[in-house]
Amino acid sequence: MSGDRLPIAGDRGRLLVVGTGPGEGYLTPRACDLMRSCEVFVGGDAALAAAPAWGDRVRVAGPLAAVIAEIGRHLDGGADVCVLTSGDPGYFSMLAALERAFPGEAVVEPGVASVQLLAARVGVAWQEFRHLSVHGRDLDLQPSLERPCAVLCGGENTPSAVAAHLLARGFVGRAAVGVRLGWPDESVHAGTLAEMAAREFGSPAVLAAFPDSWLEAGGWALGPRGSSEVALSASGAGSGDAASPAAGASAPGATAAPRAAHRAPGVPDEAFERMGKVPLSRWEVRAVLAAVGRPADRRVIWDIGAGSGGFAVEFAMQSPLARVVAFERDPEACAAIRANAAKFGARVEVVQGEAPAVLPEDQAPDLVVIGGSGGHLEGVLAAVEQVLAPGGRVVVTAVTLDTMGTASRVLSAPPWTGFDALQLSSARLDRVGIMRGMNPITLFWADKDGPGVPAAIATAAAARPGGSSPSLPTPSSPAGHPTAASSSREGEA
């Protein structure tokens, strides 16, 4: 099928239904593509946790009539709506209700159902299962005594209650229970039905019951098979590239964006669109900044004084579900940011205006990069400190002594913690074989005290000898020395 947007009459929005899988690490790249094309997200609390950081939220809790009506209002208004379901949309979810309310409109992207994961964890095939649910339903099952059954548990209908109910119905066999499948604290248990009925389990949980005769006939050795953990991020790829649109074809129903054949961090400078004298950060600076800022761990990212959008675009490529906002006062630079975001298929919001006045108070960013401040760095840092999420990080790129002095003085003092700095000096080979030195770039960074710092980041300051922040000089700007008020973005060529 084509990756083009499906034709829908008039200006009505699209209805997308995406399965988020059972837990962390199970969101597919195609599902990410679909989600990134939407502005409204619908689901329960667990499913909404997988949604991108932008857009409106419609929480599913209680009767569906109000939720269906709200979805209809958004669709009528032209918004693309993404309904997120835990597991697979076709497995005891609201897909049937959506199809009745909006016949023929839903574009469905499957996910891994919890029963699939449980079957894999205990090493059995599941195509013969009878599928049942007592989540929000009465515990009144009529199981086949000759074939396995899988039961989604919930509320008072715990796995132990279901196991006892099956025993009372004459079911003879063994059972497996999966609790919080797909999450770091998942647990898998196997034993007789009587053993499962006598135990207590957490939630959410799924139980699969197997007749002894079925296990014996198939030669199934029922039991947990150990961990299947791999070193992947929650988006499905360590670098974020596999979850970005550049990693593969769009899913049916998603709008295909132009793609450039480069991957972050460190996209070659020549791959970016340039406009007039709008500056662009050097690729090596963007690569190191990615190591300092860890954009893949973030939800809301600001790039202040964004120039051509080098930082913002690469961060959006590395963290495709984050909300990335670029602030820039120059209209031509804003056009360059939009052109580069479109070229790389990156979702970047562009806000034209001068910081700190243009910075919103309701987004709670957890990573802020300041590359240009128009001579107002201290005021910009004060504004950022007020809105930065606890555990968030601010990074300042500096060329001038004035910017270095302000950044070191402000960020090395409370309430900032974990202050550090790094200067990058590089040289490039020119056409006649001579290494030409580039302007040194100094990165200053610090964190806002509070929970939420990613583990890899939280331990970085402690690794410094002595565990303390360095004390840097605060130079004065000599007469005639260029200051941050100059037009060039700090850290950009």
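Every test in (1) without any contact (Cβ under 8 Å) to a residue 40 or more places away in the chain; (2) of a type outside the set (Lys, Arg); (3) touching a Leu at 6+ places or on another chain (Cβ under 8 Å); (4) part of a helix (DSSP H, G or I) is passed by Val162 save one, and that test is (1). When segment 344-356 is limited to residues that are touching a helix residue (DSSP H, G or I) at 6+ places or on another chain (Cβ under 8 Å) and outside any loop (DSSP other than H, G, I, E, B), the one that is modelled with the lowest pLDDT turns out to be Phe344. One residue alone among Leu84, Leu75 is part of a strand (DSSP E or B), in the same structural domain as Trp54 (by TED's automatic domain parsing) and crowded, with 17+ Cβ neighbours inside 10 Å, and that residue is Leu84. Of the residues making up segment 313-340, those that are touching a residue at least 40 places away in the same chain (Cβ under 8 Å), closer than 29 Å to Leu48 by Cβ and either in a helix (DSSP H, G or I) or aliphatic (A, V, I, L, M) (or both) are Val313, Glu314, Phe315, Met317, Gln318, Leu321, Ala322, Val325. Consider Leu401 carefully, then state whether it is at pLDDT 95 or above, closer than 27 Å to Leu422 by Cβ and either touching a Cys at 6+ places or on another chain (Cβ under 9 Å) or of a type outside the set (Phe, Trp, Tyr) (or both). No.
Filtered by the rule that a residue be outside any loop (DSSP other than H, G, I, E, B) and within 32 Å of the chain's Cα centre (by Cα), segment 116-131 gives Gln116, Leu117, Leu118, Ala119, Ala120, Arg121, Val122, His131.
Within segment 165-197, take every residue that is in contact (Cβ under 8 Å) with a residue 40 or more places away in the chain, in contact with a helix residue (DSSP H, G or I) (Cβ under 8 Å, 6 or more places away or on another chain) and of a type outside the set (A, V, I, L, M, F, W, C) and give me the one that is surrounded by the most Cβ atoms within 10 Å (Cβ to Cβ). Filtering segment 165-197 for residues that are in contact (Cβ under 8 Å) with a residue 40 or more places away in the chain, in contact with a helix residue (DSSP H, G or I) (Cβ under 8 Å, 6 or more places away or on another chain) and of a type outside the set (A, V, I, L, M, F, W, C), the one surrounded by the most Cβ atoms within 10 Å (Cβ to Cβ) comes out as Gly178. Output yes when any residue across segment 66-89 is modelled with pLDDT under 95, under 24 Å from Val179 (Cα atoms) and more than 24 Å from the chain's Cα centre (by Cα), and no when none is. For segment 66-89, residues modelled with pLDDT under 95, under 24 Å from Val179 (Cα atoms) and more than 24 Å from the chain's Cα centre (by Cα): absent.
Taking the conditions exactly as written (at pLDDT below 90, in contact with a helix residue (DSSP H, G or I) (Cβ under 6 Å, 6 or more places away or on another chain) and not aromatic (Phe, Trp, Tyr)), does Leu139 satisfy them or not? Considered against the rule, which asks whether it is at pLDDT below 90, in contact with a helix residue (DSSP H, G or I) (Cβ under 6 Å, 6 or more places away or on another chain) and not aromatic (Phe, Trp, Tyr), Leu139 comes out as yes. Considering each of Ala175, Ala113 in turn, give the residue that is under 28 Å from the mean Cα position of the chain (by Cα) and of a type in the set (Gly, Ala, Ser). Going through Ala175, Ala113 in turn, just one is under 28 Å from the mean Cα position of the chain (by Cα) and of a type in the set (Gly, Ala, Ser): Ala113. Would segment 95-105 turn up any residue that is more than 25 Å from Leu215 (Cα to Cα), of a type outside the set (D, E, K, R), touching a residue at least 40 places away in the same chain (Cβ under 8 Å) and crowded, with 19+ Cβ neighbours inside 10 Å? The answer is yes, given that some residue of segment 95-105 is more than 25 Å from Leu215 (Cα to Cα), of a type outside the set (D, E, K, R), touching a residue at least 40 places away in the same chain (Cβ under 8 Å) and crowded, with 19+ Cβ neighbours inside 10 Å.
Would you say Val395 is modelled with pLDDT of 95 or more and buried (at least 24 other Cβ atoms within 10 Å of the Cβ)? Give the derivation first.
On the way: modelled with pLDDT of 95 or more: yes; buried (at least 24 other Cβ atoms within 10 Å of the Cβ): no.
So Val395 does not fit the description; no.
Residues in segment 299-314 that are under 14 Å from Arg393 (Cα atoms) and buried (at least 24 other Cβ atoms within 10 Å of the Cβ): Ile301, Trp302, Asp303, Ile304. For Ala150, the criteria (1) closer than 23 Å to Ala120 by Cα; (2) in a loop (DSSP other than H, G, I, E, B) hold in every case but one, which is (2).
Within segment 190-205, take every residue that is part of a helix (DSSP H, G or I) and touching a strand residue (DSSP E or B) at 6+ places or on another chain (Cβ under 6 Å) and give me the one that is nearest to Arg180 (Cα to Cα). The selected residue is Met196.
Scanning segment 366-376 for residues that are part of a loop (DSSP other than H, G, I, E, B) and surrounded by 24 or more Cβ atoms within 10 Å (Cβ to Cβ) yields a total of 4.
Just need a number here: residues in segment 272-304 that are outside any loop (DSSP other than H, G, I, E, B) and touching a residue at least 40 places away in the same chain (Cβ under 8 Å).
15
In the set Asp80, Asp88, which member is touching a residue at least 24 places away in the same chain (Cβ under 8 Å) and more than 29 Å from Ala150 (Cβ to Cβ)? Every option except Asp80 fails the conditions.
One line per residue, one yes/no per condition, for (1) without any contact (Cβ under 8 Å) to a residue 12 or more places away in the chain; (2) in the same structural domain as Arg298 (by TED's automatic domain parsing); (3) assigned to a loop (DSSP other than H, G, I, E, B); (4) surrounded by 23 or more Cβ atoms within 10 Å (Cβ to Cβ):
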residue: Val358; (1), (2), (3), (4): no, yes, yes, no
residue: Ala364; (1), (2), (3), (4): no, yes, yes, no
residue: Glu378; (1), (2), (3), (4): no, yes, no, no
residue: Val384; (1), (2), (3), (4): no, yes, no, no
residue: Pro390; (1), (2), (3), (4): no, yes, yes, no
residue: Ala413; (1), (2), (3), (4): yes, yes, yes, no
residue: Asp420; (1), (2), (3), (4): no, yes, no, no
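When the residues of segment 31-59 are filtered to those that are more than 17 Å from Gly13 (Cβ to Cβ) and surrounded by fewer than 20 Cβ atoms within 10 Å (Cβ to Cβ), the one that is farthest from the chain's Cα centre (by Cα) is Arg59. Exactly one condition in (1) under 30 Å from Asp76 (Cα atoms); (2) part of a loop (DSSP other than H, G, I, E, B); (3) in contact (Cβ under 8 Å) with a residue 24 or more places away in the chain is false for Leu139; which is it? Condition (1) is where Leu139 drops out.
The values are calculated or read from the model by the stated rules, or taken from the named source; none is laboratory data. Values in this document were obtained by computation on a predicted structure and should not be read as measured data. Here the Cβ is made from the backbone with ideal geometry for all residues, glycine too, and neighbour counts use every protein chain on show.
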